[in-house]
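Student: Just passing along the structure, written as structure tokens.
Taken together, the values in this text are just the output of simple stated rules run on the coordinates, not laboratory data. Note that the structure is predicted; figures quoted are calculated from it, not measured. Virtual Cβ from ideal backbone geometry, glycine too; neighbours counted across all protein chains shown.
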Amino acid sequence: MNCEVAHERIVTAAYGELADEQAHELERHLGGCAACAGEREQMRALKVLADAYPVLEPEANLVARSRLRLEEALDALPPKRWYEWLGQRIGNGVASLWAAPMMASLLLLVGAGAGILGGYEYALVRAARTPQTNQAAGAPLSSPVPDTPGAPVEISNVSSVVSQPNSHRVEVRYSQVVPRQIEGSLDDPAIRQLLMLASANSASAGVRDNSVGLLADECRSGHSCRAGGIQNALMVTLRYDRDAGVRAKALEGLEPYVGQDVEVRNAILDALMNDSDPRIRTAAIGILEPVQGDTSVRQVLHSVANTDVNPHIRTVSRQVLSREPEIQ
């Protein structure tokens, strides 16, 4: 058994759904593979965390609302074109026609004809959607619109085109992409909203780093970070941001809430078990030390101390555990 198969069976075994024969094979593999054994311990610790919270039942009318939305979405689908309908019919009957050479030849001819006609129609649609150039000025559609005051802007969408009867005049409605800026205090809800948006969506690591750093400073300063959603934004950043420096700042901003909020504690436990940067995992251990009396925290610390592949993290976890007597 290789490690990839073992990882799949570890998850299945954690929920008691692994066959006995496969369970014996897994145990034999774990006996000789320290990495997979550590993976199982982390899986068990994660299951302990999950089992500590009740399963929330969905609302009684959730299925009904979902079905209504599905029906509305299906009704909004455009009708199929003739070649799409023909392709579906051919696909449904292709199994029965496969053994008939004459019908297979006919199928090939029909498919080729449909492909040519479909390609021609697609080319027409593509050409119609391609931004046209202003032949008089030689400028593309994204160029400044004539007689538009202010700085040059790009056109993001044309919403309607209406020709006036008995006239050569045409009314075109469009939207413009206009760059804007705002200045204000960190207490300004608009500023906070933009910082949270930048922390999650900016393609620039520098912008995300500045935004998360400012939000984390607000939390460490004792300002309210729950009501405005800053706390949730920092947890999302800690779990999913691809830059280790940005994740580290999010971890610092969550530190004041580790003793008060279980969701924050779980996010930091998740970072301890799964973050790719050893510095963040080590920092997470230090942040969790004041709440190591929590059963879930001690369970994860024990797992990390005994099975983690990083010797420094194992040592730090043992040191933290040694400062607090074992809970009976």
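Student: Classify segment 183-328 from the C-alpha gyration tensor, please: rounded if a/c falls under 1.5, else prolate or oblate depending on whether a/b exceeds b/c. Working shown, then result.
Tutor: Details: a/c = 2.93, a/b = 1.81, b/c = 1.62.
Cα axes put segment 183-328 in the prolate bin.
Student: Ok, one more. Exactly which trypsin sites (Lys or Arg not before Pro) in segment 252-328 are in a DSSP loop and have at most 12 other Cβ atoms within 10 Å?
Tutor: Details: sites: 265, 279, 281, 298, 314, 318, 323; in loops: 323.
Here the trypsin sites (Lys or Arg not before Pro) that fit, given the DSSP loop and packing criteria, are 323.
Student: Net charge around residue 303, counting only other residues with Cβ within less than 9 Å of its Cβ (Lys, Arg = +1; Asp, Glu = -1)?
Tutor: Values: positive: 44; negative: 41, 308.
So the surrounding residues net to -1.
Student: What is the sum of charges, Lys and Arg at +1 and Asp and Glu at -1, for the other residues whose Cβ falls under 13 Å from the Cβ of residue 259?
Tutor: -4
Student: May I pose another question? Classify segment 3-51 as rounded, prolate or oblate from the Cα gyration tensor: take a ≥ b ≥ c as the square roots of its eigenvalues, call it rounded if a/c is under 1.5, otherwise prolate when a/b beats b/c and oblate if not. Before the final figure, lay out each step's value.
Tutor: Working: a/c = 2.23, a/b = 1.26, b/c = 1.77.
Oblate, because a/c is 1.5 or more while a/b does not exceed b/c.
Student: Roughly how many debye, to the nearest 20, is the charge dipole of segment 189-322 about its Cα centre, given +1 on each Lys and Arg Cβ, -1 on each Asp and Glu Cβ, and no other charges?
Tutor: Numbers: 14 positive and 15 negative charges, 22 e Å.
So the dipole magnitude of segment 189-322 works out to roughly 100 debye.
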